[in-house]
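The values are calculated or read from the model by the stated rules, or taken from the named source; none is laboratory data. This is a predicted model, so every value here is computed, not measured. Here the Cβ positions follow ideal geometry from the backbone for every residue, glycine too, while neighbour counts run over all protein chains shown.
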Amino acid sequence: MTEKITITKSRIPKKDNDVKGFTSILNRIIRDDKLTNTEYRVLMVLISHYNQKEKIAYPSTQRIEKEAKISGCWRKIIIKRLIKKHRIKRIFRDGINNAYTFPCLPFPKNNQTGPRKKKKKPYYDNQEMRFSAGKWFVITQSGEWLEFADSEDKIIYK
């Protein structure tokens, strides 16, 4: 005898630890073989709390312990190890949580507000110029490089 199974459409309940968003992490951090699993996990928690505007991360000690799934004693040990391995720097803040910076990570700059300004190129007598080996050169129409012998105030940037 076969049993009849009914499938109902219902929402999957959200878990307490579901977090929106994502964190970009450099491949060299992912492949860092000098970190233990616990050190790596704590570093990921700290990086995930990085504040782009303030350039620091400041999760509470309880949050680090909860998200990295470690005890308070282990948190202290791991933070000290990460500091010793130059993965993080701790900033003490009076009466509130410590803050952390990441000297090993170049975070992407997100301050570009508009299109980049084009760099002006040097010209002399409507011919492009280049600076090489400590000297200015004028590039002729045929591609020949002639050393510039006039004064630099004659150079026009456009």
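Check whether at least one residue in region 134-143 is modelled with pLDDT under 85, of a type in the set (Lys, Arg) and either part of a strand (DSSP E or B) or more than 20 Å from ASN37 (Cβ to Cβ) (or both), and report yes or no. The answer is no, given that none of the residues of region 134-143 is modelled with pLDDT under 85, of a type in the set (Lys, Arg) and either part of a strand (DSSP E or B) or more than 20 Å from ASN37 (Cβ to Cβ) (or both).
Pairing each residue of region 19-44 that is within 23 Å of ARG75 (Cβ to Cβ) with any residue that is assigned to a loop (DSSP other than H, G, I, E, B) and among the basic types (Lys, Arg), provided the two are 6+ apart or on different chains, yields C-beta distances under 6 Å for LEU43/ARG87. Residues in region 37-51 that are within 14 Å of LYS69 (Cβ to Cβ) and either in contact with a Pro (Cβ under 8 Å, 6 or more places away or on another chain) or assigned to a loop (DSSP other than H, G, I, E, B) (or both): VAL45 alone. Would you be able to say whether some residue in region 86-94 is at pLDDT 90 or above, surrounded by 14 or more Cβ atoms within 10 Å (Cβ to Cβ), in a loop (DSSP other than H, G, I, E, B) and over 19 Å from the mean Cα position of the chain (by Cα)? No: region 86-94 contains no residue that is at pLDDT 90 or above, surrounded by 14 or more Cβ atoms within 10 Å (Cβ to Cβ), in a loop (DSSP other than H, G, I, E, B) and over 19 Å from the mean Cα position of the chain (by Cα). The residues of region 62-77 that are hydrophobic (A, V, I, L, M, F, W, C), buried (at least 18 other Cβ atoms within 10 Å of the Cβ) and more than 22 Å from the chain's Cα centre (by Cα) amount to a single one, ILE70. Among the residues of region 57-68, at least one is under 20 Å from ARG93 (Cα atoms), among the aliphatic types (A, V, I, L, M) and in a helix (DSSP H, G or I).
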